[in-house]
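Colleague: To start, I am sharing the structure in question, which I have written as structure tokens.
The values are calculated or read from the model by the stated rules, or taken from the named source; none is laboratory data. Since the model is a prediction, treat every value here as computed from it, not as a measurement. Neighbour counts are summed over all protein chains in view; Cβ atoms, including those assigned to glycine, are modelled from backbone coordinates with ideal geometry.
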Amino acid sequence: MRIKKLHDLYFKQLLGQEEITSIVKSLAKQVKKDLPQDEVPLFVGILNGCFMFAADFIREYKGDCEISFVKLASYEGESSTGDVKRLIGINEDLTGRTVIILEDIIDTGTTLHEIYEIFRSTSIKELKIVSLFFKPDVYRKELHINYIGKSIEDKFIVGYGLDYDGLGRNLPAIYQLTTTQPKMKNIVLFGPPGAGKGTQAELLKEKYQLVHISTGDVFRFNIKNETELGVLAKKFIDAGDLVPDEVTINMLKAEVNKNEDANGFIFDGFPRTESQAKALDEFLAEKNERINGMVALEVPEDLLVARILERGKTSGRSDDTDESKIRNRFNEYNTKTAVLKDFYEAQGNFYGVDGVGSIDEITQRLSEVFDKL
Ligand code: AMP
């Protein structure tokens, strides 16, 4: 997976495991080559970020060596706080030793400078610095860094030991914060079958100049035109079952991609399962977009069955006329779809709206939420 969500932010993969491995190997090789044949260096990893790099680095270092770790406060949140604390953890006698600092990343250089000064005041033989990543655009110090794995632009990265507020250290690859501001307003219009999503979406798309995607409508269009997708989906729809996720997700992506210039989308009938919701989040994140909110029309089930049977008189939908199929659609909704309320609630993105009343009244209620999103 090339996109990761940590807390509230999305990150895109910058470097894969293989690329990292080859950088680490070449660093270890260079360091070894530049040392006298019998030198036993003491590598000092700067915790926490360097633990993965240090472990891989010394595995690649072909020669005798020692390793120790020191700890400093580094980051809180997204940017360097600048207040470096004291160094803890060195118990070795450093007299006459070659000390090689292992850093995961050097940006402003403030942390590194402080560590360097502490080591310099001891009577060591030589002090060198190895950093896996380096941000040349923000480096503010004169201090020479002996070995740099890779210079990167000034964007926040996570993974391979580096974190964002505690998360992301265990990722084996490196991910970069996606920084482009979202441009679209994307709304999931949610509710059980017959709640009035289709009717309201038609009105709201005009009002807010959004593209309305109803997965049910797209399926019905395909069934009518006897496309491959239509033939595949028909048996599920006729029974009131959900169409398999993979088919539905691919179809939805294609519909979104047809409308690259849209101001945003009203998703009607999608997502209907948790894996669809996750796929939608990831798909939008790849475009630096997101779901602004899930707006749910809340209507009691008894009222819904009556509404659907009434609609069935004119809709031409076989799944609207047979009460057992309608009940099955509710069953699918209650077992697979209703949980999405929790999914969006956990993101702070759930908005419930009373779906009982006249069409105008409900449009009004929905608009109040749309305006806020
Ligand atoms: P609707 O018009 O939204 O009530 O959808 C009609 C039927 O299309 C549903 O009962 C499902 O069989 C199928 N369908 C629509 N959207 C989805 C979806 N997101 N996932 C799976 N099946 C869907």
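Colleague: Taking Lys325, is it charged (D, E, K, R) and in contact with a Gly (Cβ under 9 Å, 6 or more places away or on another chain)?
Modeller: Yes; evaluated as a whole, the condition is true for this residue.
Colleague: If you don't mind, another one. Checking the structure you have, find out if any residue of the stretch 181-189 is closer than 19 Å to Leu6 by Cβ and assigned to a loop (DSSP other than H, G, I, E, B).
Modeller: If we filter the stretch 181-189 for residues that are closer than 19 Å to Leu6 by Cβ, which is where we start, we get 181-182.
Keeping just the survivors that are assigned to a loop (DSSP other than H, G, I, E, B) gives 181-182.
Yes, there is a match, as at least one residue in the stretch 181-189 is closer than 19 Å to Leu6 by Cβ and assigned to a loop (DSSP other than H, G, I, E, B).
Colleague: Any idea which residue in the stretch 21-60 is nearest to the chain's Cα centre (by Cα), counting only those that are surrounded by 21 or more Cβ atoms within 10 Å (Cβ to Cβ) and part of a loop (DSSP other than H, G, I, E, B)?
Modeller: Taking the candidates together, the pick is Gly49.
Colleague: Return the only residue of Leu177, Leu132, Leu143 being more than 11 Å from the ligand (Cβ to nearest atom), more than 30 Å from Gly355 (Cβ to Cβ), touching a Gly at 6+ places or on another chain (Cβ under 6 Å) and not β-branched (Val, Ile, Thr).
Modeller: From the options Leu177, Leu132, Leu143, the qualifying one is Leu132.
Colleague: Right, Leu171: more than 24 Å from Asp261 (Cβ to Cβ) and modelled with pLDDT of 95 or more or not?
Modeller: In short, yes.
Colleague: When the stretch 207-245 is examined, which residues are found to be more than 7 Å from the ligand (Cβ to nearest atom) and part of a loop (DSSP other than H, G, I, E, B)?
Modeller: Gln209, Leu210, Asn225, Glu226, Thr227, Pro244
Colleague: Still on this structure, I have one more. Collect the residues in the stretch 209-221 that are buried (at least 18 other Cβ atoms within 10 Å of the Cβ) and either over 18 Å from Ser315 (Cβ atoms) or within 32 Å of the chain's Cα centre (by Cα) (or both), keeping them in residue-number order.
Modeller: Narrowing the stretch 209-221 to residues buried (at least 18 other Cβ atoms within 10 Å of the Cβ): 210-216, 218-220.
Once the filter is applied, which keeps residues that are buried (at least 18 other Cβ atoms within 10 Å of the Cβ) and either over 18 Å from Ser315 (Cβ atoms) or within 32 Å of the chain's Cα centre (by Cα) (or both), the stretch 209-221 yields Leu210, Val211, His212, Ile213, Ser214, Thr215, Gly216, Val218, Phe219.
Colleague: Another question, then. Can you name every residue in the stretch 260-279 that is over 16 Å from Ala201 (Cβ atoms) and either surrounded by 16 or more Cβ atoms within 10 Å (Cβ to Cβ) or within 15 Å of the ligand (Cβ to nearest atom) (or both)?
Modeller: At the first step, the residues of the stretch 260-279 found to be over 16 Å from Ala201 (Cβ atoms) are 260-261, 273-279.
Scanning the stretch 260-279 gives Thr273, Glu274, Ser275, Gln276, Ala277, Lys278, Ala279.
Colleague: Restricting attention to the stretch 88-139, report how many residues are out of contact with any strand residue (DSSP E or B) (no Cβ under 8 Å at 6 or more places or on another chain) and either of a type in the set (A, V, I, L, M) or in a helix (DSSP H, G or I) (or both).
Modeller: Taking the stretch 88-139 and keeping what is out of contact with any strand residue (DSSP E or B) (no Cβ under 8 Å at 6 or more places or on another chain), we get 93, 95-96, 109, 113-114, 117-118, 121-123, 137-138.
Pick out the ones that are also either of a type in the set (A, V, I, L, M) or in a helix (DSSP H, G or I) (or both) and you get 113-114, 117-118, 138.
Result for the stretch 88-139: 5.
Colleague: Continuing with the same structure: From the list Ala277, Ala306, which residue is under 23 Å from Gly352 (Cα atoms), at pLDDT below 95 and assigned to a helix (DSSP H, G or I)?
Modeller: The match here is Ala306.
Colleague: Shifting gears a bit: Considering only helices (runs of 4 or more DSSP H) fully contained in the stretch 310-373, which possess at least 2 residues that are loosely packed, with under 15 Cβ neighbours inside 10 Å and in contact with a strand residue (DSSP E or B) (Cβ under 9 Å, 6 or more places away or on another chain)?
Modeller: Per the criteria, 340-346, 359-372.
Colleague: Test each condition in (1) in contact (Cβ under 8 Å) with a residue 24 or more places away in the chain; (2) away from the ligand (no atom under 16 Å from the Cβ) for Asp137 and report the one that comes out false.
Modeller: The failed condition is (1).
Colleague: Within the group Pro36, Pro41, which residue is at pLDDT 95 or above, in contact with a Cys (Cβ under 8 Å, 6 or more places away or on another chain) and not hydrophobic (A, V, I, L, M, F, W, C)?
Modeller: Within the list Pro36, Pro41, the selection yields Pro41.
Colleague: If the Cβ limit is 7 Å and pairs must be 6+ apart or interchain, which residue in the stretch 95-107 that is over 14 Å from Phe43 (Cα atoms) pairs with which residue that is of a type outside the set (A, V, I, L, M) and part of a strand (DSSP E or B)?
Modeller: Ile105/Ser131; Ile105/Phe133; Ile106/Ser131; Ile106/Phe134; Asp107/Ser80
Colleague: For the stretch 246-259, give me each residue that is over 18 Å from Lys185 (Cα atoms) and either aliphatic (A, V, I, L, M) or more than 9 Å from the ligand (Cβ to nearest atom) (or both).
Modeller: Those that are over 18 Å from Lys185 (Cα atoms) and either aliphatic (A, V, I, L, M) or more than 9 Å from the ligand (Cβ to nearest atom) (or both): Glu246, Val247, Ile249, Asn250, Met251, Ala254.
Colleague: If you take the residues in the stretch 6-16 that are surrounded by 13 or more Cβ atoms within 10 Å (Cβ to Cβ) and out of contact with any helix residue (DSSP H, G or I) (no Cβ under 7 Å at 6 or more places or on another chain), which one is farthest from Gly159 (Cα to Cα)?
Modeller: Among those that are surrounded by 13 or more Cβ atoms within 10 Å (Cβ to Cβ) and out of contact with any helix residue (DSSP H, G or I) (no Cβ under 7 Å at 6 or more places or on another chain), it is Leu9.
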